[in-house]
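Q: Quick one: the structure is below, questions incoming.
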Amino acid sequence: MANYFQPEIETASREQIQQWQDERLVKQVKNVWDNVPFYRKRMEEAGLTPEDIKSTADLHKLPFVTKDDLRDNYPDGFRARPLADCVRIQSTSGTTGKRVIAYYTQHDIDLWDECCARALVAVGATNEDVVHVSYGYGLFTGGPGLNGGSHKLGSLTLPMSSGNTDRQIQFMTDLGSTVLCCTPSYAAYLAESINERGLRDQIKLKAGIFGAEAWTEEMRRDIENNLGIKAYDIYGLTEISGPGVSFECSEQTGMHINEDHFIAEVINPKTGEVLPDGEKGELVFTCITKEAFPLLRYRTRDICILSHKKCSCGRTHVKMTKPLGRSDDMLIVKGVNVFPSQIEAVLLNQGYPANYQIIVDRVNNSDTIEVMVEMTPEMFSDNVGDISNREKEIVAGLKAMLGIAVKVKLVDPKTIQRSEGKAVRIIDKRNLYQG
């Protein structure tokens, strides 16, 4: 049975979707020209005025926006509405101290909630369900996004946040949670904990919405088997709104993008050329309904493929594959964005050379991250206590920067393998982008 939260939108004709996108893009370009000096300057440099953008056919003329642009205009250079109209911020994890702050009007929140409600209905949720939200709350968009979607749908919402597994399982059994929303690695950990306690037959879960980190089809099957549920993917990023930019349906073969709010393109990451359906490239989003923080042609750095093939669920919105990799050096560890530059900043601040290696792995379905750091010849000491204290200082610095615990190992000078004179920065053993 097909489930839609807003059937007239989710199953609209391609002509209708095109019309919405054309009209809303033209309006949004005028909005940012009038209200965001950054866009006006960029457009003027490209010899463009709002009148040059008449439909989505002209979208390719607009310049790209990157995360560096957002950082350079921190905290509110991209805000298109006065503060008096904004009711909330969300934020990404900071890179070298500069976070991206996304602003929302009440209208923005309402539309975001609708997108997340669509995702919930797509996995079979109704207002009779108990939605158990174990994504982090606060500045991170995961918790607030699914929380809002669940409220919009009228489901009983358990705003659990992450951690405290005993309490999660207690509420799950006592209140009969039916839909679980969290990272896939935490879902796998919960499944393990539930089975260890022999409580599997007391769990009423039927579906899960798992996002914020990459996961394999193999991991999906493990979670489904261990919890007795259907596991669905969801995609989003703070810069574009948060989870609910796209979501999986009953087919579980990619995520429908909410095209009435977001225009998706796939480009060649090196040349910026727009690629046709079915070709792999970097995903670019344009927000056509956002008021406070509207990004045009934002480069996500996620590599994926778009498809307009007819979907058995009846939804007509374009589908994207799971991200198949990155066009930059960002890692997602335990749902947190980690850039080597953040780690480098901490090491340089503490007087270490920029010779380090990040080793990421997944052990028992949980991410691990270790940083190996070369000491300088002056630091090199046989005093184990001295080395141990130094490692603790780096661990504390990285925790403050990244918000997650990182294992640190100090190694002898010149022992990290170099390739063409450069240290090999990242070893990711998780094989996340296969299958």
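What follows draws every value from the coordinates through simple rules; no lab data is involved. Fair warning: this is a prediction, and the values are worked out from it, not measured in the lab. In this analysis, Cβ positions are derived from the backbone assuming ideal geometry, glycine residues included, and neighbour counts consider all displayed protein chains.
Q: For the chain, what relative contact order do you get, as a whole percent, if you take Cα pairs closer than 8 Å and at least 6 residues apart?
A: With pairs under 8 Å counted, the relative contact order is 14 percent.
Q: Here's a follow-up. Among the DSSP beta bridges whose two residues both lie in the stretch 7-326, what percent are antiparallel, rounded to the nearest 5?
A: Once the DSSP bridges in the stretch 7-326 are tallied, antiparallel ones form about 65 percent.
Q: Another one. Please list, in chain and number order, the residues 5+ apart from residue 355 or on another chain whose amide H is under 5 Å from its amide H, with Hs placed from the backbone.
A: So residue 355 has HN proximity to 374.
Q: At 7 Å along the Cα-to-beta-carbon direction for both residue 329 and residue 393, put a label point, then send me their distance in nm to one decimal.
A: 2.4
Q: Might you list the cysteines of the chain that have no disulfide-compatible partner by the rule of another cysteine's Cβ under 4.7 Å?
A: So, 86, 115, 116, 181, 182, 287, 304, 311.
Q: Convert 10 °C to kelvin, take the viscosity as 1.306 mPa s, use the Kirkwood radius over C-alpha pairs of the chain as Rh, and evaluate the Stokes-Einstein diffusion coefficient in µm²/s, rounded to a whole number.
A: Stokes-Einstein gives a translational diffusion coefficient of 69 µm²/s.
Q: Here's another thing I want to ask about it. Can I get the semi-axes of the stretch 337-377's equivalent ellipsoid? Compute them from the C-alpha gyration tensor as square roots of 5 times the eigenvalues, in angstrom, largest first.
A: 23, 12, 6
Q: Counting Lys and Arg as +1 and Asp and Glu as -1, each charge on the Cβ, what is the dipole of the chain about the Cα centre in debye, to the nearest 20?
A: 160
Q: Quick one: length gained pulling residue 218 to residue 275 fully straight, 0.36 nm per residue minus the C-alpha distance?
A: 17.6 nm
Q: I've got another one for you. Any idea what the alpha-carbon Rg over 2.2 N^0.38 Å comes to for the stretch 331-428?
A: After normalising by residue count via 2.2 N^0.38 Å, the value is 1.05.
Q: Let me ask another. Once you keep just the Cα pairs under 8 angstrom separated by 6 or more residues, what percentage relative contact order results for the stretch 331-428?
A: 33
Q: Using each residue's phi in the stretch 38-46, evaluate 6.51 cos²θ - 1.76 cosθ + 1.60 at θ = phi - 60° and report the 3J(HN,Hα) Karplus result to the nearest Hz, with x for Gly and Pro.
A: 4, 5, 4, 4, 4, 5, 5, 4, 8
Q: If exposed means no more than 13 neighbouring beta carbons inside 10 Å and the site is in a DSSP loop, what's the longest run of the chain without any exposed GluC sites (Glu not before Pro)?
A: Longest gap between qualifying sites, sites excluded: 1-127.
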